[in-house]
Amino acid sequence: PLEIFLSDYTPPAYLVDTVDLTFKLDPTATRVLSKIAFRPNPDAVDKTFYLHGEQLKLISATIDGKDAQAKVTDLGLTAQAPDAPFIWEAEVEISPSTNTALEGLYMSKGMYCTQCEAEGFRKITYYPDRPDVMGVFTVTIEGSEKVKLSNGNDLGDGKWHDPWPKPAYLFALVAGDLVNLHDTFTTKSGRHVDLNIYVRDGDLHKTAFGMDALKRSMTWDEEVYGREYDLDLFNIVAVDDFNMGAMENKGLNIFNSSAVLASPDTSTDGNFARIETIIAHEYFHNWTGNRITCRDWFQLCLKEGLTVFRDQQFSGDTRGHAVERINDVLQLRARQFREDNGPLAHPVRPESFVEINNFYTATVYEKGAEVIGMLKTLIGDDAYYKGCELYFTRHDGQACTIEDWLKCFEDTTGRDLTQFKLWYQQAGTPRVKVGESYKDGTYTLTFTQSTPATPGQDTKDPRVIPIAVGLLNDAGEEIQATRICEVTDEIHKFRFTGLDAKPVPSINRGFSAPIILERDQSNEERAFLLAHDTDPFNKWESGRALGRDVLVRMVTEDATPDQAYLDALEAVARDDTLAPDFKALCFSGPSNDDIQQALVDAGVTPDPTKIFLASQTFNLSISQSLQDLLPRIYAEMQIDGPYRPVAEDMGKRDWGNAALAMLSRLDGGAQAAKQFATADNMTQQLSALGCLLRAEVGEEQNQAFYDQWKNDRLVMDKWFSMQVMFAKLDAAPKMAKALTEHPDFDMTNPNRFRAVFGALAGNTAGFHSPDGSGYALLADWLIKLDAKNPQTAARMSTAYETWKRYDADRQGMMRDALERIKAAPKLSGDLSEMVTRILN
Ligand code: B3K
Ligand code: ZN
C-alpha cells in the first residue's frame, strides 16, 4: 500500500465544470452513466489525465464522442486528453447489494444509499476523486423506488440539480420506499426552506426531535456565525447500516439511524443529547466543510476540528456550558489523550497516511476543536468572529488549507500565528510542570512545558499555550479573576502582585488548553478548590483529582478510601446551590483508564483486574458513607409528568440515577427493580437495568427487556451492549462470545458489531482478562469483519493501542493478537495500516 505525503501535493491536471450522472438502479447491476465537462488546469504541474475508479466494470468511455482508449488499473485510468476543454462520457456497472464495505453506493435493508467521504465516489464512477476538484452536479435516478433523492434541488421525476460546486465526496444518492416528516424553515433573509427527515416505514414517530434540533441549529448558525442556509431544500435520511454517525452531503445528509431517530420510549437522555449534537454538526458543515472545503485530506481538521468546536458551542448554549465542557474534556481525555500518548499519535494535521479513513480520529476531531478553542481564547471573542467572517467571505467556494484559515486571523489581528501553528504540526499532549513561589505580596507561577516523543517526531518545539488562571484567598474568595497566562517559552513565569498572603491558584480553568498539568497538589488544596472554586470546570476537576488519588493509593498501597474525600463528596451532595447534572458528574468517579494513566505516570504497571476490584470497594464505600442521604436524593430527583429531553430534566435524571446506582450497591437492586418495573421512558428503564446487571440480579429484567424490545433495532443494540458492559472480569469476553451466537447478532451491521465489541473494549477489566480471552476474541472477529467491512474493523482495532502499558504477559498476548490479525490472508489496507502502526 502506498503512503501519501502532504508535502507531495500537486494541483489537479484537469478541473471539472459540470457533472451529469444517470443511475439505472439494480441491486447487482446498477449502470452509472457520466458526462463530465473537463478543462485543463492552468496551475497544473503534471498534465496527465487521471481518473480514480475502483471495483467498477467499465462498459464504455469516450472523449468528445470518440473512444477514450483508456488504460485501466485496479485504482483508476489514464487517457490521452486534449489540452483544451472536452466532454468525458462513460458508462460503468456496479453491484450495490454486494457492497458490504458500506462505502460508495450500497444497500441497507432494501434501500440504496451512498457514503463517499473520503474516497468512496471512485467506487461509483471514474472521476478525479479529490476534494480540490469541484463541479456542479445534475443527477437522474431511474428506478421503481417511491423516493429517489440526491443533492440540491428537486427537479421532479428522480432528477436533481445542485447549483453549488462541490467535491465528489459530498455527492449522495438515496432510493427506497421511505416515508418522511416534513417541516419548513425561513432563513433570516426570507428564504423558504423545506425540511424533511426520511425514514423506513415504522420509524416516523422517532423523527420529531431531530427535526426540532435541525431548526434550532439553523437558527443558531445564523445568530452566532451569521451563516444562512443556501438551498430551498434540506433532507436527512436515516440508514440502519452506516459506518459512522452521519455524513454532511450537500442538502442530503445521511445519518446512521442511531444518530437521528429518537423517542422517549426507546432513547436515553444520552441518545437525545448525542442526536442533537450530530444534527447540529452535520448542518454546520454546510458552511464549514461544504461551502468551504479541504484542499486535500491532510487538511481534514480544517472542517472537522472547526465543526466540532461549533457543535460544542451550540450544545453548551443549549444545555449549559459547565457540564458540556466537562463532558467534552472527559471524551478528549478518554479518547484523544490515549491516542496522543501511544503508537497511533499523529498531528492534528497529519503529514502522511496510507488509508485516509484511518485518520478520522479523536486527534483530528476533538484536539482539532481544542485548537480552535485556544485560538479564540488567545485572540478574544471579537477577533475570533471577525476572523471567521473574513474566512467565510474570502474563501467561499474554495478548497482550502490550514494556512488559509490561520492567515484570516493573522490579517484581522495583526498577530503572527507561526508558533500557534505548531498545534497543528506536532503530535503529543504537552505536559506543563507548575512551580510556585510567594514573596512580599508577589505570587509567581512558573510553567515548564515539554512534549514527549511521538512516532516520527522525536523532539518538539515549545508551543503557545493559553493557561487560564484565577486566585483564591484562604477564605475561599476569588482575589484574582481569570487571567490568561500565555505560555510561549519552554520555561515561562507569571507574576501576580499586591497580594496579602500566598493565594490558592486555580490553573487551566475551563480546561483552556489540552495539556497535562504536573503539579504537586495536596489533597487539602483539592478539597478546598472543590468546595470554593468559582470555575465550574476546575471545581469538578479538583474532585476528580481527589478521587483519582484515593483510588491510586487503594491500588498501590491497599489503602482504604479516606474520610476527607468522603466528606468532600457528601458536601457536594448536600450543596443546594449545585445543579443536579453537575453533582452527577462529581460522582462519576475516575474511569479505569484514568487510573491506568495515573499509574503509568507514577511508574507503576497498571493491572486492570486490580483496578476494577479497587473501584468496586471505592464505590461501595461512597455508597455506604452516603447511605442516609441517598433515598432523599433519589426521591427528590423523580419527575412528575411526561418525559422531556430538556437539560433541566436530564440533570435530575442523571443525579437521581447516580443515587440509584449507589443505592443498588446497598439494597441488592430492590429500588432498581422497582424503577425498572414502573419506568415510562428508556432513560429510567435502562439505568435501572444497568444497576441490576451490575448487581448480578437482573436476569429476569434482562429477559423482559428483550421481549419488550426485540423488534426495535436500536434498543436491541443497547441490550447487546449492556450485557457486555456490566459483565464482571472474564465474564465479559464470555458474554461477548455468547452474544455473537445470538440469532439477533449481525456482524454486517456496524451498530450491532460495535454494541458487542465496543462494549468489550470499553470494559477494561474484561477486555484485559488475564487469560487473554478478550484479546483473542476481538482478534477473531476483527479478522472476520475485515473481509466485509474494513473501515469499521480498522477503527475498532484501536482497542489494542495501549498494549505497551501492561505487564509482560498481557503485552505478549496482545502482540500475538495483533500479529495474528496482521498475518490474516487478504487483510485490507485499512486494518493492515492500523495494526502495523500499533505494533511499531
Ligand atoms: N464527515 C463525516 C465523516 C466521514 C468519515 C469517512 N470515513 C462525518 C462528520 O464528521 O461530520
Ligand atoms: Zn464532521
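With a Förster radius of 35 Å applied to the beta-carbon distance between ASP64 and LEU2, the computed FRET efficiency rounds to 0.65. Relative to the Cα centre, the charge distribution of region 699-840, modelled as +1 at Lys and Arg Cβ and -1 at Asp and Glu Cβ, gives a dipole magnitude of about 420 debye. Counting only other residues whose beta carbon sits under 12 Å from that of MET747, what net charge do I get with K and R as +1, D and E as -1? Local charge sum for MET747: -2. Ranked by the mean number of other Cβ atoms within 10 Å of their residues, highest first, the peptides 582-593, 10-21 come out as 582-593, 10-21.
Across region 68-155, Cα pairs under 8 Å and at least six residues apart give a relative contact order of 15 percent. On the basis of the beta-carbon distance and an R0 of 25 Å, THR28 and LYS159 show a calculated FRET efficiency of 0.55. The modelled label-to-label distance between VAL179 and THR556, using points 7 Å beyond Cα along the C-beta direction, is 6.0 nm. Counting only DSSP H runs of at least 4 residues, each contributing -39500 (n - 2.57), and dividing by the residue count of the chain, the helix-based mean residue ellipticity at 222 nm comes to -12500 deg cm²/dmol. One quarter of the convex hull surface built on the alpha carbon atoms of region 419-483 amounts to 5.8 nm², the projected area averaged over directions. Here the peptides 239-250, 24-35 are ranked by packing, the mean other Cβ count within 10 Å, and the order with the highest first is 239-250, 24-35. Could you pull out which residues in region 760-794 have an amide N less than 17 Å from a spot 7 Å beyond the Cα of GLN616, following the Cα-Cβ vector? Those under the cut-off are 763-771.
Against the main long axis of the alpha-carbon atoms of the chain, helix 808-822 sits at an angle near 10°.
Taken along the Cα-to-beta-carbon direction at a fixed 7 Å, the label points for ALA481 and ASP461 span 3.5 nm.
Counting protein heavy atoms only, the chain has 50 percent of its accessible area on carbon and sulfur, 1.4 angstrom probe. Relative to the longest principal axis of the Cα atoms of the chain, helix 608-625 runs at roughly 50 degrees. Taking the average, over residues, of other Cβ atoms within 10 Å as the packing measure, peptides 795-801, 671-677 rank 795-801, 671-677 from highest down. Potential lengthening of the chain between ARG431 and ASP382 amounts to 14.7 nm, from the contour at 0.36 nm per residue minus the alpha-carbon distance. The residues of the chain expose, per residue, 38 Å² of accessible area to a 1.4 Å probe.
Once the Cβ-Cβ distance of ASP440 and ASP601 is raised to the sixth power relative to R0 = 35 Å, the FRET efficiency obtained is 0.50.
Taking Cα atoms only, the orientation of helix 300-319 departs from the longest principal axis of the chain by about 50 degrees.
The values are calculated or read from the model by the stated rules, or taken from the named source; none is laboratory data. The structure presented is a predicted model; accordingly, all values stated were derived computationally and were not measured. Note: ideal-geometry Cβ built from the backbone for every residue, glycine included; neighbour counts use all protein chains shown. Keep in mind that these areas ignore ligands, DNA and RNA; they rest on the heavy atoms of the full protein, side chains included. Shrake-Rupley method; radii C 1.70, N 1.55, O 1.52, S 1.80 Å.
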